[in-house]
Amino acid sequence: MSVIVVFLLVLACLAGWWLSRQGLMSKPWLEQGVVGHLGEQPTLPAERIALVVFLAVVGALFALFASAYFMRMELPDWRSLPVSRVLWLNTGILVLSSAALQCAVFAARRRQADTLKLALVTGGISALTFLAGQLFAWQELFANGDFLADNPANSFFYLLTGMHGLHILGGLVALARVTAKAWDGPVTDRLQLSTELCATYWHFLLFVWFGLFVLLAGWAADFIDICRQLLT
Amino acid sequence: MVFALALVLVVVGSVLFHILSPWWWTQIASNWTYIDGTLVITFWITGAVFAAVVLFMAYCVWKFRHRPGNKADYEPENKRLEWWLTIATAVGVTALLVPGLFVWKQFVDVPEDAVEVEVVAQQWQWNYRLPGADGKLGTSDSRLISPENPLGVNPEDPAGQDDVIVEADDLHLPIDKPVKMLLRSIDVLHNFYVPEFRAKMDMVPGSVTYFWFTPTRTGTFEVLCAELCGSGHGFMRGIVMIDTEEDYAAWLGEQQTFAEISAEQQTGQLDTDDVEAAKSGPGGVAN
Amino acid sequence: MVDVTPGAVAPVPPAEVPEVELYHPHSWWTKYVFSQDAKVIAIQYSGTAIAIGLVALVLSWLMRLQLGFPGTFDFITPEAYYQFITMHGMIMVIYLLTALFLGGFGNYLIPLMVGARDMVFPYVNMLSYWIYLLAVLVLVASFFVPGGPTGGGWTLYPPQIILSGTPGGQGAGIILMLVSLILFIIGFTMGGLNYVVTVLQGRTRGMTLMRMPLTVWGIFTATVMALLAFPALFVACVMMLFDRLLGTSFFMPALVEMGEQLSYGGGSPILFQHLFWFFGHPEVYIVALPAFGIVSDLISTHARKNIFGYRMMVWAIVAIGALSFIVWAHHMYVSGMHPYFGFFFATTTLIIAIPTAIKVYNWVLTLWRGDIHLTIPMLFALAFIVTFVNGGLTGLFLGNVVVDVPLSDTMFVVAHFHMVMGVAPILVIFGAIYHWYPKITGRMLDETMGQLHFWITFIGAYAIFFPMHYVGLVGVPRRYPDISGTAFIPESVSTLNAFITVAALIVGFAQMVFLFNLFWSLRFGREAGGNPWRATTLEWQTPETPPAHGNFGKELPIVYRWAYDYSVPGAKEDFLAQNDPGGPRAAASA
């Protein structure tokens, strides 16, 4: 359970830092009247805060999967899967997708409607390509006779890539709505915000994918082994 | 008024119930008197805190009850009082924890001279395996389990040949000899629980767990399963008899070894290929 | 004594008047069924939770009948008994307590107490409820499938939970249970995001974090914890579904079931337990923290005194929330995990007792020199302290690793967790309903029925669960439908069991008085007025009672003070509402 505990520790530090700026040491019974900036209109839109909280939840989900992965891996029946070359290609496509959405954010900020549309569509199509690529990787495993229940490493591979794919799919629904809105009218603040949120989500899922890739390829385990040897 | 009285009655009633009721733990039959000791310490400390808090509350409810013209004090906090209470609580908690951890250390560390005895649980009966003359248990694997070899003892392992197998029958143990109970399950979670021994531990299929104790009193003790294991859980009972040295030897002499059981069932004809295939399969557990 | 410096504060115009029109529904359907108003959603959540809770209550009667009078009721087979305990536990913990505290009270109180018009994402909030309802329906469906619901215990421990020796294990029972939990978690996450963001971003002007009532602190912290803890259950459920349906071996070791080698191999049942309790222990505090918060406000209001040590209370809530994530394995001392974990988890577990104890001290010290009105909500709040202290202290037995060894898996554990997370939070729920019912409906609940309900529930529940500890001390294991004929158990335990059963039936029927009161007072209750308890927090200061859509009429309230200005020296009244600029008091002190 070390991955999730470390993850939560990081969250706890962030929460502690945030709380420390909220006047937790103040004596509220001494303060009357409208105090300070804290009750003013928030500077961050609620949607952005919500996304950050949601990403923390998704992060906890994948950290827990990673914890389970490490604990299961230590049992004797584990046989690692070879890393398919398709995964490298897919990683590249997902990076492209993320980059396209970042371009969309820049375009939205500059109010360039055409570039925005182009970037959003590129991001969407490349994300779909990524999903297709993941399916192809599954197909390849199938062709090799590596089925879901053969070995825990296989089971985790399908489970984790599937979970990640579902999150991308959810993101694509949101992205489709944003794209439709971009087609409907001019670039507004609202549209810019939506684009930024999509981009944040995409970057996060890219980051999660890096984590999963490192995990599934076995490098994470190798790295931990090296650390252990250094320590002992 | 009534409520304050009710609170007092709750405290008095609880204390009286504790002192007067006939329900208390069974007479201990193992070396774990320390566990009973920590339990008693815990009872004293927690009982005192419970009585103090509830009686204080009863006093407040009575003393500061609403009457016309009353007005409450305005007292947002009292740093000193709060710190003192925190420190007192920390001391109380430490007084509970430290003896507990010392006893746990003993519980975890098995003495060198403990004899290993294996309990093999299945839905819904208890089986046992004792080391034979060589004092060692042979390896086992749940993949090897068959009607002829119900405990999955590895027939290739010479150490296992003289192991005494007790299938769905009573277990006997000699008095005053430390025993390390190796706990194994072939299907689901179980828990080897004899209230008089105080110690217990879950048995997990796929691994071997343990606890140790020294029987200190002869007699017949009931074994219950203490981890829900399916619809027969409530009927999964067994018997452990703690014998004197002579009785134990006599009982042991009547038991069959793995080799004897195998010979009876002519396992000579067992297809060795099957065994090999099973052994290389996943999930192998050796102890 | 107090260094308050009262002074007139210039009123400040509200920060913004958002489009209030947005909050007005346009048809009967959008007003009462597919409503996006947090208050309606709260009532939907509460109604559903109480309805399914009644099912769990009936199940508990059936279990108690079996335990009190074994062999009398032929239809309660061991299989049925295990199905009853499983569904009772799961419903009570997840579908009643979690849903009621967070979905019910959270939805109703957060926007009102922080001075918001609604949750920040009303549409997502509505979806949250409908997914919760779907989860409940899927759970209920499992009663009607062949083989019935799962009977593997609410802890769902593999391997037995998906094997044929367990009721529902090879049928649809376990699948429906897992699907229902997954749905619940998805629905809860939607609601939880709302509660958190509303507290973070929806507070009205002047409502700093340290001015929030402890109810909001409790629900907020519990929601954050739930958002991070439920994924563990989600992961466990998904992996279990894979094991059950697709034949993977995440949790399933090689095993021989009823003489037959199964194709599973190599998995770890302990892995499941880690995941389950990584959710399961925070879950205890997810239920407890809202109760802590609510009880603080009830005691303060009805003792007409500020909550003692407000800052300590806030810090303790946050500390408990954080610590509760590193104590999970104290549920696993005898699970066969590495025994050295015991040292670590016993220590963290006993450390968490310290902030919890501080909260108890501060509640009783709030009573000191108060002006205690023993109203029905107050009675329930004080009864909560008794049962919570009792249950919390027995937790010190079970948290201390070596003391847990003889007691684990006995009725002592059952008594402990019912006292601390069954009876105690439910007493708070009752107190809270008696307290806020006038705001929700505009009428008071009937006092006589309330007294009857309180006394039977409090004394009865204590009479059920206090003696049950001693049944466990004798050594009676939990989850045994019948322990008669066991050598070490004296015959008198059967008498005690029969007594407990009778008490449980009486307490159960007393709840019918409460339900009747809920409906009766809706029509015949005394008119309450806007602020019958003369409380300070914002929900009592709404222009209409019950609050209309948008909660606060044209202008949002502005907060000038903390939530606990009761009996302030020099003030004219014995309470100053949070949105009271304090003019009269300044005049009085001048």
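The values are calculated or read from the model by the stated rules, or taken from the named source; none is laboratory data. These numbers were taken from a predicted model, which means no experiment stands behind them. Note that we place each Cβ from the backbone using ideal geometry, even for glycine, and neighbour counts take in every protein chain shown.
Some observations on this one:
- Entry remark, region C:248-270: residues being touching a residue at least 60 places away in the same chain (Cβ under 8 Å) and hydroxyl-bearing (S, T, Y) number 1 in total.
- Given (1) modelled with pLDDT of 90 or more; (2) farther than 23 Å from C:L97 by Cα, index of the condition C:H26 fails: (1)
- Test: B:W32 is in contact with a Pro (Cβ under 9 Å, 6 or more places away or on another chain) and modelled with pLDDT of 90 or more: yes
- Among the residues listed as C:A548, C:A535, the single one being of a type outside the set (V, I, T) and touching a residue at least 40 places away in the same chain (Cβ under 8 Å): C:A535
- Within region A:1-26, residues that are away from chain C (no Cβ under 11 Å) have Cβ atoms under 7 Å from residues that are surrounded by 15 or more Cβ atoms within 10 Å (Cβ to Cβ) and among the aromatic types (F, W, Y) in these pairs: A:V3/A:F70, counting only partners at least 6 apart in sequence or on another chain.
- Filter pass, C:N551 being crowded, with 19+ Cβ neighbours inside 10 Å, in a loop (DSSP other than H, G, I, E, B) and under 26 Å from the mean Cα position of the chain (by Cα): yes
- Selection from region C:409-443 of residues that are among the hydrophobic types (A, V, I, L, M, F, W, C) and touching an Asp or Glu at 6+ places or on another chain (Cβ under 8 Å): C:W436
- Taken together, C:V145, C:V138 contain a single residue that is assigned to a loop (DSSP other than H, G, I, E, B), among the β-branched types (V, I, T) and touching a Leu at 6+ places or on another chain (Cβ under 7 Å), which is C:V145.
- Among the residues of region B:15-70, those that are exposed (fewer than 15 other Cβ atoms within 10 Å of the Cβ) and closer than 30 Å to C:G570 by Cα comprise B:K63, B:R67, B:P68, B:G69.
- Filtered by the rule that a residue be away from every other protein chain (no Cβ under 11 Å) and without any contact (Cβ under 8 Å) to a residue 40 or more places away in the chain, region C:446-463 gives a lone residue, C:T448.
- Within region C:292-316, being buried (at least 24 other Cβ atoms within 10 Å of the Cβ) and not in a helix (DSSP H, G or I) holds for C:A303, C:K305, C:N306, C:I307, C:F308, C:G309.
- Here region A:136-162 is the region considered, the condition is being under 19 Å from the mean Cα position of the chain (by Cα) and touching a residue at least 12 places away in the same chain (Cβ under 8 Å), and the residue that is nearest to the other protein chains (Cβ to nearest Cβ) is A:L159.
- Test for C:Q273: is it buried (at least 24 other Cβ atoms within 10 Å of the Cβ) and within 12 Å of chain B (Cβ to nearest Cβ): yes
- Of the residues making up region C:169-186, none is over 23 Å from the mean Cα position of the chain (by Cα), of a type in the set (A, V, I, L, M), in a loop (DSSP other than H, G, I, E, B) and within 10 Å of another protein chain (Cβ to nearest Cβ).
- Considering region C:198-213, and only residues there that are among the hydrophobic types (A, V, I, L, M, F, W, C) and surrounded by 24 or more Cβ atoms within 10 Å (Cβ to Cβ), the residue that is modelled with the lowest pLDDT turns out to be C:M207.
- For region A:175-227, the set of residues classified as surrounded by 12 or more Cβ atoms within 10 Å (Cβ to Cβ), farther than 20 Å from A:A50 by Cβ and of a type in the set (G, A, S) consists of A:A182, A:G211, A:A217, A:G218, A:A220, A:A221, listed by residue number.
- Inside region C:475-493, residues that are surrounded by 18 or more Cβ atoms within 10 Å (Cβ to Cβ) and outside any loop (DSSP other than H, G, I, E, B) make up a count of 2.
- Residue under evaluation C:P581, criteria (1) part of a loop (DSSP other than H, G, I, E, B); (2) in contact with a strand residue (DSSP E or B) (Cβ under 8 Å, 6 or more places away or on another chain), criterion not met: (2)
- Cβ separations smaller than 9 Å between residues 6+ apart or across chains give the following pairs from region A:56-75 residues that are without any contact (Cβ under 8 Å) to a residue 12 or more places away in the chain and surrounded by fewer than 23 Cβ atoms within 10 Å (Cβ to Cβ) to residues that are of a type in the set (G, A, S) and assigned to a helix (DSSP H, G or I): A:V57/C:G192.
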